[in-house]
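Values in this text are rule-based calculations from the coordinates and carry no lab data. Everything numeric here is computed off the predicted structure, so don't read it as measured data. All Cβ positions, glycine included, derive from the backbone under ideal geometry; neighbour counts span all protein chains shown.
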């Protein structure tokens, strides 16, 4: 067993432990959405920059959206103005070793959006460690950490964003 498999296995154990201790009622004071954190895979972001449509939908400036990208293949080209991480940024039991990723996770976002594939264990670890007040992502069986889980056919970003904006408007968190 390689070190990466051991890290992934212990990260899965971290997720399972968090799931067992998940609180049934999460108490958050909800107010309007002003700062948004986005976690996405590098390959998705290279094919489609969704930040403009997201900022328009949420009614916030584009510089209030902080994007952090996960490079699954470790071969991608880093886009300007965005941080990037990979499996090497994690230690045993999902411990974050990267300073920039640790800052991202500890930042107090009003909303954290996860656009990553559901099978990406490290994206789940990031969402679990995040200090965001409200978390949103695609619906899947291990989404106990998301406050808003949206089911779409495939990973259609525009459909997801449209539905997310509808839910946030119903909660009166955006205009």
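At a glance:
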| quantity | calculated |
| --- | --- |
| The stretch 144-175 versus the stretch 107-122: alpha-carbon centroid distance in Å | 13 Å |
| Rg(Cα) / (2.2 N^0.38 Å) computed for the stretch 114-175, rounded to two decimals | 1.10 |
| Potential lengthening between residue 6 and residue 171 on full extension [0.36 nm per residue; Cα-Cα distance subtracted] | 55.3 nm |
| Extension reserve of the residue 87-residue 52 stretch, reckoned as 0.36 nm per residue once the Cα distance is removed | 9.8 nm |
| On Cα atoms only, tilt of 157-170 relative to the major axis of the chain in degrees | 60 degrees |
| Extended-chain gain in nm, criterion 0.36 nm per residue less alpha-carbon gap, residue 106 and residue 34 | 24.3 nm |
| Pairwise label distance in nanometres, residue 152 with residue 95, each label 7 Å out on the Cα-Cβ vector | 3.7 nm |
| Pair residue 159, residue 16: separation of 7 Å Cα→Cβ label points (nm) | 3.3 nm |
| Nearest-ten-degree value, helix 3-20 long axis tilted from longest Cα axis of the chain | 50 degrees |
